[in-house]
Amino acid sequence: MLVICSRNDLMKSVGIVSKAVSTRTTMPILEDILLDAEGNTLTLLGNDMDLGIQTNIEAVVKGEGSICVNAKMFSEMIRRLPDDDVKLETDNGRMRIECGHSKFTISTMAADDFPRLPEVEGRQEIMISQSVFRQMINDTIFSIAPENSGRPILTGELMDIRDGYLYLVAVDGFRISMRRTRIQSEENFKVTIPGKAMNEIKNILENEEDSLLTVSFTGKHALFRMNDTVVLTRLLEGTFLNYERNLDMEFKSRIVVNRRELFESVDRAALISRESKNSPIRLEIEDGSMVITSNAENGTSREEVGVSLEGEGITIAFNPKYYLEALKAIDDLEVAILYNSSLTPCIIESLEGKDYQYFILPIRMHN
């Protein structure tokens with residue numbers, strides 16, 4: 001193999017596919033990146049058997065071929081090269097890397113044993129703006145359950161396609177984050193994408209409205225195609241939480257509040273409460289105002305924001321982190337907050353429609 005390509009293009013592509021390289025494996029080949037030179041294209045692939053990422057860059061290919069190189073070493077070398085064209089040449093189990101006045105030689109492995117991405121014939125397929133899907137992930141993924149939660153299905157995000165909408169949902173047992181957008185689809189189906197894959201997809205997606213993402217689904221995999229990059233991930237098995245039942249609850253009280261004022265007030269109150277793991281923020285809601293207080297051994301805080309109330313007032317306590325993450329993900333000037341009692345969940349949603357909803361469990365107050 002003999003290839004000449006841009007160092008910056010190569011560094012960017014190595015960074016993308018390295019996210020799918022295994023760091024804990026009994027198969028040394030999975031610690032490598034596959035390089036495949038053909039035509040005028042250099043294809044790079046990382047694959048840990050659960051997540052595979054493949055991307056292409058333009059290159060001058062003077063000798064076609066495939067080879068595997070250690071991802072960590074190759075990445076560190078390319079990152080340290082000067083901003084110039086890079087020449088990659090392989091021979092007898094070695095790769096020579098030349099760029100400007102820099103020259104390296106590293107060991108390689110044969111490409112025969114590297115797991116290529118399987119051919120995926122999607123039974124269902126959707127298309128969506130890359131920037132919209134990127135924002136949907138960003139506005140929900142903070143609510144997935146941690147890996148050690150004991151509930152593997154909740155360590156991913158649900159993609160619920162129904163009635164011409166895509167619903168993206170994350171649940172960690174204490175809250176639900178949901179975003180939806182209209183798509184062109186007449187099918188109804190649900191799949192759960194691992195959180196790791198969603199994070200990597202978010203980082204690859206462009207923030208351009210005209211750039212499209214195509215997602216194909218099979219019984220066990222989802223394939224995301226964006227520009228010159230393909231991400232293949234296994235789907236999580238199991239039944240996701242029935243989030244619709246929770247978000248469709250009836251509420252007897254509703255307030256409307258300026259989102260930014262509420263965020264800034266809760267953020268300041270959280271400075272006191274976050275010093276104590278068992279110190280939530282307390283919201284006292286009555287007609288015309290919401291008083292936000294926090295009390296801990298190191299101090300107290302009191303904030304007040306104006307609200308418009310429909311229904312009964314309430315005193316209720318929350319983990320401020322959950323409130324802040326939801327409010328930070330919303331762009332609207334005002335939001336609606338719905339509640340029933342101090343022991344039942346509240347929902348933060350848009351004033352009109354249901355394009356986003358954040359369901360948060362309260363904390364029992366101790367007087």
Handout entry: Inter-probe distance in nm under a simple model that places probes 7 Å from Cα toward Cβ, at M127 and I4
Key = 3.8 nm
Handout entry: Cut-off 20 Å, label 7 Å out along Cα→Cβ of H366, residues of the range 248-270 by amide N
Key = 270
Practice task
Report the longest stretch of the chain that contains none of the GluC sites (Glu not before Pro) sitting in a DSSP loop with at most 16 other Cβ atoms within 10 Å.
Solution key: 122-185
Handout entry: Given [x] 21.8; [y] 23.2; [z] 20.4, the label whose value is Kirkwood radius over Cα pairs in Å derived from this model
Key = [y]
Fill in the blank from the handout: Nearest-0.05 FRET efficiency for K354 and N92 at R0 = 45 Å, using Cβ-Cβ distance, is 0.10
Exercise for the section: Return, ordered by residue number, the residues of the range 112-148 whose backbone nitrogen is under 11 Å from a label point located 7 Å along Cα→Cβ of F189. Expected result: 121-126
Completion exercise
Between the residues F174, L236, G164, the Cα farthest towards the positive end of the dipole of the range 124-245, that dipole coming from +1 and -1 charges on the beta-carbon of Lys, Arg, Asp and Glu, is from F174
Handout entry: Net charge, S13 excluded, C-beta distance under 13 Å - Lys, Arg +1, Asp, Glu -1
Key = 0
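Set the Förster radius R0 to 56 Å, insert the Cβ-Cβ distance between R302 and K202 as r into 1/(1 + (r/R0)^6), and round the FRET efficiency to 0.05.
On the way: r = 37 Å, r/R0 = 0.67.
In this case the efficiency is close to 0.90.
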Handout entry: Positive-pole candidate from N319, H221, S279, dipole of the chain, charges at beta carbon
Key = S279
Exercise for the section: Calculate how steeply helix 71-80 sits against the longest principal axis of the alpha-carbon atoms of the chain, using the helix alpha-carbon long axis, and give the answer as 0 to 90 degrees to the nearest 10. Expected result: 90 degrees
Exercise for the section: Working from Cα positions, state the angle (0 to 90°, nearest 10) between the long axis of helix 259-273 and the longest principal axis of the chain. Expected result: 90 degrees
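Using 0.36 nm times the number of residues separating M27 and D83, minus their current alpha carbon distance, what extension gain do you get?
Values: separation 56, 0.36 × 56 = 20.16 nm, distance 3.38 nm.
Working it through step by step, the gained length comes to 16.8 nm.
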Handout entry: Stretch gain in nm, segment S18-R234, where the contour uses 0.36 nm per residue and the Cα spacing is subtracted
Key = 76.0 nm
Exercise for the section: Would you mind counting up the charge near D50? Only other residues with Cβ under 14 Å from its Cβ, with Lys and Arg at +1 and Asp and Glu at -1. Expected result: +1
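Bear in mind that the values in this text are calculations on the coordinates, not laboratory data. Owing to the predicted nature of the structure, the values given are computational and were not obtained by experimental measurement. Every residue, glycine among them, receives a Cβ derived from its backbone with ideal geometry; neighbour counts consider all protein chains shown.
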